[in-house]
Every structure is written in C-alpha cells, then in structure tokens.
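Undergrad: Have a look at this one before I ask anything.
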C-alpha cells in the first residue's frame, strides 16, 4: 500500500470522471499513489464505468443515497484513516484538475512538514485552461477576500477543491467533520479555515484549473444555494456561531 490516497469526488460525471481516471492512470506518478473514487449515488452509468477500471487498481465507494460533496470528502477521509494512509489528496471528479500536479501538493507535506497544501490557480500567475465562466471569476476572487478577513491569512484561491492534507490533522478534536451542516460545499472551506486558525502549517501551491467544454457542464453548484453553502463556513466560524 502507498502512503498517499488520491480521491476524486463525483456525482453524475460519467464522461468527465472517465477522462479524469484515464489521465491519472497514464500520468507519470500514478503508481506512487492509491486511487479511490467516491461516487455520491450517481444515476448516469458512472458505477458501470468505474467497474471497468477495477483491474487497474481503481477502487470505488458508492453512497447508497446522495449525500453531498462534503459527505463524500468525509467518507474519503474516514476510509483513509481506517486504512492507515498518511496523506489524502482531494481532487475534482469533473476532470478540472491535472493529476500530473499531485506532487506539487504532496512535496510540501513530505519535505517541509506542511499539514495542508491548498492548490491555487492564481499563485505565480493565472493558471486556467478552457473558458472559465464570469460568475466563477468573480466568486473565486471574492471568497478569498472574505476568507482572509476572518482568518487574518492571505489565501488566493480558497474555493479550489484540489488539495493535500496530512491525515493526522483530523486527530485534533477541535476539527469536527461529523456535523450535518457540512454535508455539501461547506466542508472544504471549513477544513481550510480550521487548519489555518488553529495554527497548522499551511501553504498554497500553484496548480492548473481546466474548464471543460460548455456542453459538458461546468459545475453541479446551484446559484444562491450553492454560493451560500460555500460562504457560510466563513461567517459561522468567523463569528463564532459554529465550531
């Protein structure tokens, strides 16, 4: 068993997820990491597609009912803890992240002792492929400003889902992943916020975000509801409403 587990989280991303899996299997670092897909009860043939990769070492956990991306990440973290992994890499299941860049996230943990490495499309210049929608351009600039205001720490890309985390971070009882309000988009900024404000060693690493063709769809996030979902951990934690 490798010490690092790479986990894309997906719901109804059959075509894009297939591309993501194939890119991982063909990348030069693929044999250094174990690979686990968390499927959040897809109904578009995703599970049949994933079974075709089982002989190539791709493992899958499928939720019996749809629970949300945060719940999917929680499932991945708990599985990694139970299996004794040291590092978990969370990445998009919609083929927006480049698996060749996984070492950019892993190396600061292994070599410099970082606890959490956040991928950023804005470190060292903009690194965006494809046609990024205008509302995403606005959101990915506004969220870090609010995040930095409450954490007193500069973060350039707080909504980027491509990150590596040392699993020992979750031994800290002050980080409570098992809260129901974290089941959707809340969990990712929650973990980042807690890691920074609790004094863990954090850094950003330059990664690329690749937007697919419009006909394949950009995101499952719904306007207003989804935006509030990713914003409220900042306000809840910053104002002391939740822990």
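Undergrad: The conditions are (1) loosely packed, with under 15 Cβ neighbours inside 10 Å; (2) farther than 21 Å from residue 24 by Cα, and residue 123 fails exactly one of them. Which is it?
TA: Going through the list (1) loosely packed, with under 15 Cβ neighbours inside 10 Å; (2) farther than 21 Å from residue 24 by Cα, residue 123 breaks only (1).
Undergrad: Filter segment 41-61 down to the residues that are exposed (fewer than 12 other Cβ atoms within 10 Å of the Cβ) and within 10 Å of residue 12 (Cα to Cα) and list them by number.
TA: Across segment 41-61, the qualifying residue is only 43.
Undergrad: Out of (1) within 16 Å of the chain's Cα centre (by Cα); (2) without any contact (Cβ under 8 Å) to a residue 60 or more places away in the chain; (3) farther than 19 Å from residue 178 by Cα, what's the single condition that is false for residue 38?
TA: Result: residue 38 fails condition (3) only.
Undergrad: Can you name the residue in segment 190-211 that is buried (at least 19 other Cβ atoms within 10 Å of the Cβ) and more than 14 Å from residue 154 (Cα to Cα) and, of all such residues, is farthest from the chain's Cα centre (by Cα)?
TA: Top of the filtered list is 194.
Undergrad: Here's something else I'd like to know. Could you please find all residues in segment 126-157 being closer than 15 Å to residue 206 by Cβ and in contact (Cβ under 8 Å) with a residue 40 or more places away in the chain?
TA: If the condition is that a residue be closer than 15 Å to residue 206 by Cβ and in contact (Cβ under 8 Å) with a residue 40 or more places away in the chain, then 127, 128, 129, 155, 156, 157 are the ones that fit.
Undergrad: Say whether the condition of being assigned to a loop (DSSP other than H, G, I, E, B), within 20 Å of the chain's Cα centre (by Cα) and touching a residue at least 12 places away in the same chain (Cβ under 8 Å) is met by at least one residue in segment 229-243. If you could, list the steps in order and put the result at the bottom.
TA: Looking only at segment 229-243, we keep the residues that are assigned to a loop (DSSP other than H, G, I, E, B), and these are 239-243.
Next cut, within 20 Å of the chain's Cα centre (by Cα) only: none.
Scanning segment 229-243, I find no residue that is assigned to a loop (DSSP other than H, G, I, E, B), within 20 Å of the chain's Cα centre (by Cα) and touching a residue at least 12 places away in the same chain (Cβ under 8 Å), so the answer is no.
Undergrad: Hey, does segment 75-89 have a residue that's surrounded by fewer than 19 Cβ atoms within 10 Å (Cβ to Cβ) and closer than 23 Å to residue 213 by Cα?
TA: No - not one qualifying residue is present in segment 75-89.
Undergrad: Right, here's the next one. From (1) more than 23 Å from residue 212 (Cβ to Cβ); (2) surrounded by fewer than 21 Cβ atoms within 10 Å (Cβ to Cβ), pick out the condition that doesn't hold for residue 22.
TA: Among (1) more than 23 Å from residue 212 (Cβ to Cβ); (2) surrounded by fewer than 21 Cβ atoms within 10 Å (Cβ to Cβ), the lone unmet condition for residue 22 is (1).
Undergrad: Of the conditions (1) at pLDDT below 95; (2) over 15 Å from the mean Cα position of the chain (by Cα), residue 169 fails just one. Which one is it?
TA: (1)
Undergrad: Look through segment 133-161, keep the residues that are more than 18 Å from the chain's Cα centre (by Cα) and outside any helix (DSSP H, G or I), and return whichever of them is surrounded by the fewest Cβ atoms within 10 Å (Cβ to Cβ).
TA: 152
The values are calculated or read from the model by the stated rules, or taken from the named source; none is laboratory data. Given the structure is predicted, the values throughout are model-derived calculations rather than measurements. Please note: Cβ atoms are built from the backbone with ideal geometry, for glycine as well, and neighbour counts cover all protein chains shown.
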